[in-house]
């Protein structure tokens with residue numbers, strides 16, 4: 001009996017996620033509404049909340065899965081041998097992460113930087129991204145005055161800064177890659193005084 005309940009619970013959760021993904025494909029992330037998800041999934045609103053705390057918790061899962069797909073692509077690439085090539089390799093991920101203001105806001109809230117008590121899918125992708133960057137940095141010689149982990153965390157921080165400025169009224173005229181490339185050159189290949 002318990003197996004049937006668990007299977008049904010997993011099927012219901014899968015229907016909710018599939019319905020949400022369909023709505024996102026049609027209308028975008030911000031336009032997705034819980035009411036429409038439950039209608040398409042053929043469930044009650046209370047059922048949605050039995051599976052997800054709120055809309056953003058569902059978005060953590062869906063957006064985190066998409067980030068993981070981009071990270072799979074990055075992991076399959078050979079390590080970029082210049083900061084410029086690194087910025088170019090990171091651009092598709094940055095473009096997804098800034099595809100909508102809502103997406104970027106959810107990513108920031110669920111990255112762990114906002115003191116989330118629960119480590120979700122997005123926070124996990126941030127750790128994975130740093131690991132991929134660290135692997136790239138170990139392949140080529142950049143700075144040796146700091147650890148590759150610190151360099152990777154710095155690259156990640158510069159990515160967030162370059163993406164955040166996309167939504168800034170004063171600085172949004174500069175493309176992400178045009179901002180990220182110089183950041184990475186300055187960070188990875190600083191000029192000696």
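The values are calculated or read from the model by the stated rules, or taken from the named source; none is laboratory data. This structure is a prediction, so every number in the text was calculated from the model and none was measured. Note: ideal-geometry Cβ built from the backbone for every residue, glycine included; neighbour counts use all protein chains shown.
Test residue 150 against the criterion of being assigned to a helix (DSSP H, G or I), assigned by TED's automatic domain parsing to the domain that holds residue 74 and surrounded by 17 or more Cβ atoms within 10 Å (Cβ to Cβ), and give yes or no. It is false that residue 150 is assigned to a helix (DSSP H, G or I), assigned by TED's automatic domain parsing to the domain that holds residue 74 and surrounded by 17 or more Cβ atoms within 10 Å (Cβ to Cβ). When the residues of region 183-193 are filtered to those that are over 21 Å from the mean Cα position of the chain (by Cα) and surrounded by 16 or more Cβ atoms within 10 Å (Cβ to Cβ), which remaining residue is farthest from residue 150 (Cα to Cα)? Looking at residues that are over 21 Å from the mean Cα position of the chain (by Cα) and surrounded by 16 or more Cβ atoms within 10 Å (Cβ to Cβ), I get 185. For the residues 157, 173, the requirement of being out of contact with any helix residue (DSSP H, G or I) (no Cβ under 8 Å at 6 or more places or on another chain), in the same structural domain as residue 84 (by TED's automatic domain parsing), part of a helix (DSSP H, G or I) and free of Cβ contacts under 8 Å to residues at least 24 places away in the same chain singles out 157.
Inside region 79-104, residues that are outside any helix (DSSP H, G or I) and over 20 Å from residue 138 (Cβ atoms) make up a count of 3.
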